[in-house]
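The values are calculated or read from the model by the stated rules, or taken from the named source; none is laboratory data. No experiment lies behind these values; they were computed from the predicted model shown. Cβ placement follows ideal geometry from the backbone for every residue including glycine, while neighbour counts extend to all protein chains displayed.
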Amino acid sequence: MLIFFPMVCFALKKAALAGLVFVSVSLVLRAQISITTPEGLTVHANSGEQDKDRIILTGAVELLYKDIRLLADSAEVNTKTRDVVATGHVTIQLPSENIDCSEITFNLDTALGKFKEALGRIQPSVIYEAASAEKKPDNLYSLEKAYVTSCTQPVPRWKFSFARANLKKDDYVEMWSAVLSIKTVPVFYWPYLRYPLNQVRSTGFLMPHIGFSKVKGFVFSEQFYWAIARNMDASFSFDYYGAKGAGGGLEYRYIFGDGTRGDAHLYYFLFKSTTDQATPTDSYIVRWNHNQLLPGGFTLAASVDYQNSFQFLREFDNDIMRALVFNRSSQVYVAKSWSSYSFSLRAARFETSFPTLNASVITDYLPQVNFDSFKMKLFSPLYFSFSSSFSRWQYGWDYQYKANSQLSNTQFELTPTLSLPFNAIPWLTMNFSTEQNLKYYWKSVQPGVGFTAEPVLTYNSAVAVDLVGPVFYRIYDLGAGEDGASVARLKHIIEPTVSYRYESPIVNGDKAFNPYGLYRTHAVSYGLTNHLILKKGTSPEEILTWGISQVYYIAPESSPMQYYRWNGEIPRFSEISSYLRIYPGGGFSFDGAASFNTYTKGLSSLRLGANLGSPADTVFLTLNWYKSMNPWTPDPWYDRSQVGAFGGFNLPALNLELKGQADFNVTERKLLFAGVSGVYHYQCLDLKADLRMYFFRDLPDVQFKISFGLGNIGKTTDFLGGARFD
């Protein structure tokens, strides 16, 4: 979120400011009279006269009192009250500020007064010019018919002109009938505007976005930021689309000392009525995340991500990562871990929509309770642990929910486990375990009857053996390090793994049901992992990890493979899965994963990603490619292949920042999205423009927006925008 964090827009150094302040001092003629009063007031002038408490000075007047210095063509001073009336070319120098005017009425003790035709400079970055100004208590200035800016050019890059304003030094300027001008061109008008001068968050309007959309027409976005307190703030947003309608949003963020924190996002869009087609239903979005520490060491986490229309997100959300995801979720989660136990309680609802089917799959947990233990030593070397859960769930398509025909059940599960680890050999780790799986269902499936309210208990046993090793390694000496003294070494570790698991047949398994089916495993899993660890000096870093694994099902008919066929038989081998991670340094990283089907002799999934630097670096680039398919069916509906790129560079010499993003659907040979955003830092003015093209929408859209960053006012962020560009 962009808020009122100051952005100093010009380099007005103290030395340069001092030159501006004291340039008139060097032109002062040597005074012909000089008077110093017992109160510490010193005056110099070409001529003058004194009558009791009054001193009248003419020509090159210079007045010094405490930390105040005043220069003028003529002045009248009351030495008793310390009131000064000065005219001509008046300059008054106060701590961290300088004011030039044609006439001044000022009290030296209170540092309060009035100025005519004033030009003021307040360090480090405020310049104002006013027909009249008055300095009031608490560093408050009242300005009439004036302008304020933070630019030092003869014609400022930008300025706010206004009928009247209150300027509080190092805090804010509140203006009435304010007009923003870029150079000499008026751009925006506000009946009221508050501009921050300090370096903390401040309440007020952010700079708006304006633009044009091929489908939505004229676009205008504005935000009002409210700095409620040090631990909370809020943003109110307004979006207008000339051809579609208008929307408003609220973003609220909070942090409390007991660990409570969260953020809430609300948005409502009202569609414009049209005569040639039906008006869409108004849309709304609710997003909320909350974390809290409860008494007794419990923690609470809650989240909501809900929208009443996936079509609205697709057509209006400018973030492609959100626009193409059709999920809703809401959940509340309470958890605690202590000693050897952990507890969690969750109520949740998840919905995934399938736009091509015009239907959604919904899963409810009301509630889901888990109580587990970590490994507890019974006697060396035998350990005991258990897991248990209680859940009430519902599962089905949205139309089944409407007909009240969705699947539902209540179940309790208990799995006690005994384990016997063996790690006496440094290069070999083994673990033997046995467990009992007990599940009690409040509903069951009875032969010839179907779903009934009759409960059923299912149970089976399992034994497992897990082996890691033997682990081999070799160290390569790469020679002297960068400091010329230390030796760089590369360590290659080879780590094989083998696991065997047997689960006995499930007693009463034919009478039980849950959303995802019942399986029993009798299989061997095996794999190999390679690690490359580079040590320079005293800090070793893993620069490469590569792993490969597969599962062989001894009893495939009861495994997840039971739903697939190859030449009429259930496959025994799973796909070969592999992953690779490379971190060679220099801000570069590579990550990849793939699954190879040994029956179809082809890849079923592929994911590749490469990163160079980060958005904070001079140059950064992220590339990714994801491909997936169902190898067991020729139906291309399951095929996915998409390439994405995001990158940019900063050019300080040209005061330019550029970012770009593109996403391409390889399967359909269609560009989904392309966008470019640029920020030009024009001394005290930031000019931002972005162009985005949306080809995945029902009507392809092209959208162009511009916004400004002025000194301490940040730019409006887009509630429906792509975070990568904001």
- [ ] Being crowded, with 17+ Cβ neighbours inside 10 Å and more than 18 Å from Ile713 (Cα to Cα) is the filter here, so list the residues in region 218-239 that pass it.
- [x] Val219, Asp239
TODO: Can you give me the number of residues within region 179-196 that are among the charged types (D, E, K, R) and within 30 Å of the chain's Cα centre (by Cα)?
DONE: 1
Open item on the list: Every residue in region 494-523 that is β-branched (Val, Ile, Thr) and within 24 Å of Pro426 (Cα to Cα), please.
Closed with: Ile494, Thr497, Val498
Open item on the list: For region 100-118, give me each residue that is aliphatic (A, V, I, L, M), part of a strand (DSSP E or B) and surrounded by 16 or more Cβ atoms within 10 Å (Cβ to Cβ).
Closed with: Ile104, Ala118
- [ ] Sort through Leu407, Leu366 and tell me the only one that's within 30 Å of Val445 (Cα to Cα), touching a residue at least 24 places away in the same chain (Cβ under 8 Å) and in contact with a Gly (Cβ under 7 Å, 6 or more places away or on another chain).
- [x] Leu407
- [ ] Give me a count of the residues in region 382-429 that are of a type in the set (Asp, Glu) and modelled with pLDDT under 95.
- [x] 1
Open item on the list: I need the full set of residues from region 368-388 which are out of contact with any Pro (no Cβ under 8 Å at 6 or more places or on another chain), part of a strand (DSSP E or B) and of a type in the set (A, V, I, L, M, F, W, C), in order please.
Closed with: Val369, Phe371, Met376, Leu378, Phe379, Leu382
Open item on the list: Looking only at residues that are small (Gly, Ala, Ser) and in contact with a Lys or Arg (Cβ under 7 Å, 6 or more places away or on another chain) in region 483-511, which one is modelled with the highest pLDDT?
Closed with: Ala488
Open item on the list: Taking the condition of being closer than 15 Å to Phe115 by Cβ and crowded, with 21+ Cβ neighbours inside 10 Å, how many residues in region 39-90 meet it?
Closed with: 7
TODO: Please state which of the following conditions Gly262 fails to meet, knowing it meets all the rest: (1) touching an Asp or Glu at 6+ places or on another chain (Cβ under 8 Å); (2) surrounded by fewer than 20 Cβ atoms within 10 Å (Cβ to Cβ).
DONE: (1)
Open item on the list: Take Val332 and tell me if it is of a type in the set (Val, Ile, Thr) and modelled with pLDDT under 95.
Closed with: no
- [ ] Could you check, for region 668-682, whether at least one of its residues is at pLDDT 90 or above, on the phi > 0 side of the Ramachandran plot and out of contact with any Lys or Arg (no Cβ under 6 Å at 6 or more places or on another chain)?
- [x] yes
Task: Wholly enclosed strands (runs of 3 or more DSSP E) of region 621-726 bearing at least 2 residues within 28 Å of Ile127 (Cβ to Cβ) and either touching a Leu at 6+ places or on another chain (Cβ under 8 Å) or among the hydroxyl-bearing types (Ser, Thr, Tyr) (or both) - done: 670-682, 685-694, 701-710
Task: Hits in region 622-666 (condition: within 17 Å of Phe695 (Cα to Cα) and among the polar types (S, T, N, Q)) - done: Ser641, Gln642, Gln661, Asn665
Open item on the list: Yes or no: region 264-283 includes at least one residue that is modelled with pLDDT of 90 or more, out of contact with any His (no Cβ under 7 Å at 6 or more places or on another chain), closer than 28 Å to Phe664 by Cα and part of a strand (DSSP E or B).
Closed with: no
TODO: Within region 273-292, count every residue that is loosely packed, with under 14 Cβ neighbours inside 10 Å and in contact (Cβ under 8 Å) with a residue 12 or more places away in the chain.
DONE: 1
Open item on the list: Being over 32 Å from the mean Cα position of the chain (by Cα) and assigned to a strand (DSSP E or B): is that true of Trp176 here?
Closed with: yes
Open item on the list: I want to confirm something. Restricting to region 361-387 and keeping residues that are more than 29 Å from the chain's Cα centre (by Cα) and hydroxyl-bearing (Ser, Thr, Tyr), which single residue is nearest to Ser408 (Cα to Cα)?
Closed with: Tyr365
